[in-house]
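> Please find one structure pasted underneath; my questions will follow.
The numbers here are math on the coordinates, done by the rules we state, and not lab data. All of these numbers come straight from a predicted model, not from anything done at the bench. So basically every Cβ, Gly included, is an ideal-geometry build from the backbone, and we count neighbours across all protein chains shown.
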């Protein structure tokens, strides 16, 4: 118990310090109260692995700027699920925390009943337990309906994100739980098929990519480690080439008075694996190609209006012209690679022909230092739409077109856009106000 207490004392201090950066004075006391109750009643009973999972999840959502009720709910959830804290003790946190705990519980009961602690809850409360064959039949039959069910049972985007974060850290620490291989593989498979998809629908890309990578590591450990090894062997050379490319094209754009931000694009392990399967090339061949993104007018961050009927509206013509000018400067700097996308073509133009969900960008590939360099060109407005508007489109399609659900999806994307802004810019001034 002393070992658990020592590291958890440090963890809760970090969490409360992070919360104090954006919360009104005194608000974070609820976290300390919750922590004290867990240490009194629950820590040794829920086990170090789940207690650590709880703290990691709470820290992550604190960094996203969730308000105190969501943070406290994340911290208390496993103790609430196990029933180790008396109900009269939980009352002090107010009806909001209880509401969030019930929402998290609803998602677990309906979509994650294969987890041992959820099964224990169902047994303790006399829920009907279906045998594995019946459960698998329902899952297979209703696979396409599950994302809709997930979003339907998550009353706010914060609840959805909390569940995604919990799953992310469960995957990360899965080895510490000593689950049978079959259960570990089920958790990983479900994470790929449901949780990564939900993260994509909501536009929280970092959670999606990490979920995919951790799940892939569980399902295909040998392939995963081979890819990691190949990446590590050439990382420094590859990153140096990307830095040189960024420096050169940034200078050329500045010479032509185009305000732009040029950044490298990270390739994720699961994404590399998918490309290997699709192209039948080696990991080294796929990984040798470099990738950058050019965002023109990066200082102009317009508010995207997430109405489904205008998702396909095009950006301002000035932005479009700047993107095409940037393409021309790129092609004058490096030779375009012909035939990458279609025969006799070096470009895929989603500006003149946006995707169904409104996505706009120029995708092209050039030859830089004898290697392929993948380039995306878009304006800041197009970038915002790619990050947030896609979430609007997905949720709109999945939740239907009724007035109540349309309002719900609108709330989701508006609030998620703010969380994305916090995550990307570290702007703590808007934290805790949502």
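> Based on the Kirkwood radius over alpha-carbon pairs, what value in µm²/s does the Stokes-Einstein equation return for the translational diffusion coefficient of the stretch 2-219 at 25 °C and 0.890 mPa s? If you can, show how the numbers build up before the last one.
Values: Rh = 17.8 Å.
The estimated diffusion coefficient comes to 138 µm²/s.
> What ranking of 209, 7, 117 emerges when the number of other C-beta atoms within 10 Å of each C-beta is taken as an exposure proxy, fewest first? Show your work: numbers first, answer last.
Details: 209 19, 7 12, 117 15.
So the ranking, lowest neighbour count to highest, is 7, 117, 209.
> Describe numerically, in nm with one decimal, the distance between label points set 7 Å from Cα along Cα→Cβ at residue 110 and at residue 279.
4.1
> Could I ask something else about it? Using R₀ = 51 Å, calculate the FRET efficiency as 1/(1 + (r/R₀)^6) where r is the Cβ-Cβ separation of residue 345 and residue 88; round to 0.05.
Numbers: r = 69 Å, r/R0 = 1.35.
E(calc), rounded to 0.05, equals 0.15.
> Return the whole-Å distance between the Cα centroid of the stretch 93-121 and the Cα centroid of the stretch 343-384.
Their Cα centres are 43 Å away from one another.
> Among 100, 234, 383, what is the fewest-to-most ranking by other Cβ atoms within 10 Å?
Working: 100 25, 234 13, 383 20.
By the 10 Å Cβ count, ascending, the order reads 234, 383, 100.
> Obtain the nm distance between the two label points defined at residue 321 and residue 193 by a simple spin-label model: each point lies 7 Å from its Cα along the Cα-to-C-beta direction.
Going by the 7 Å Cα→Cβ label model, 5.2 nm.
> Please give the length that would be gained between residue 40 and residue 225 if that part of the chain were fully extended, namely 0.36 nm times their separation in residues minus their C-alpha to C-alpha distance (nm, one decimal).
Working: separation 185, 0.36 × 185 = 66.60 nm, distance 4.10 nm.
My answer for the length gained is 62.5 nm.
> Right, something else. Quick one: if the Förster radius is 41 Å, what FRET efficiency do residue 256 and residue 21 give, using the C-beta to C-beta distance and rounding to 0.05? All intermediate terms of the calculation are to be shown ahead of the outcome.
Numbers: r = 41 Å, r/R0 = 0.99.
It comes out at approximately 0.50.
> In nm, what is the difference between 0.36 nm times the number of residues separating residue 99 and residue 29 and their Cα-Cα distance?
On the way: separation 70, 0.36 × 70 = 25.20 nm, distance 1.96 nm.
Extra length from residue 99 to residue 29 when fully extended: 23.2 nm.
> Assuming R0 = 41 Å, can you tell me the calculated FRET efficiency for the pair residue 14 and residue 235, based on Cβ-Cβ distance, to the nearest 0.05?
Values: r = 29 Å, r/R0 = 0.71.
That gives a FRET efficiency of 0.90.
> Also, quick follow-up: Starting with the fewest neighbours, write out 59, 33 ranked by other beta-carbon atoms found within 10 Å of each beta-carbon. Can you show the working numbers first?
Details: 59 20, 33 16.
Ordered from fewest to most neighbouring Cβ atoms within 10 Å, 59, 33 come out as 33, 59.
> Quote the convex hull volume per residue of the stretch 34-96, based on C-alpha atoms, as a whole number of Å³. Let's see the in-between values first.
Working: hull volume 4.5 nm³, N = 63.
Convex hull volume per residue, Cα atoms: 71 Å³.
> Continuing with the same structure: With viscosity set to 0.692 mPa s at 37 °C, what whole-number translational diffusion coefficient in µm²/s follows for the stretch 204-247 from Stokes-Einstein and a Kirkwood radius over Cα pairs? Show your work: numbers first, answer last.
Details: Rh = 12.1 Å.
D, rounded to a whole number, is 271 µm²/s.
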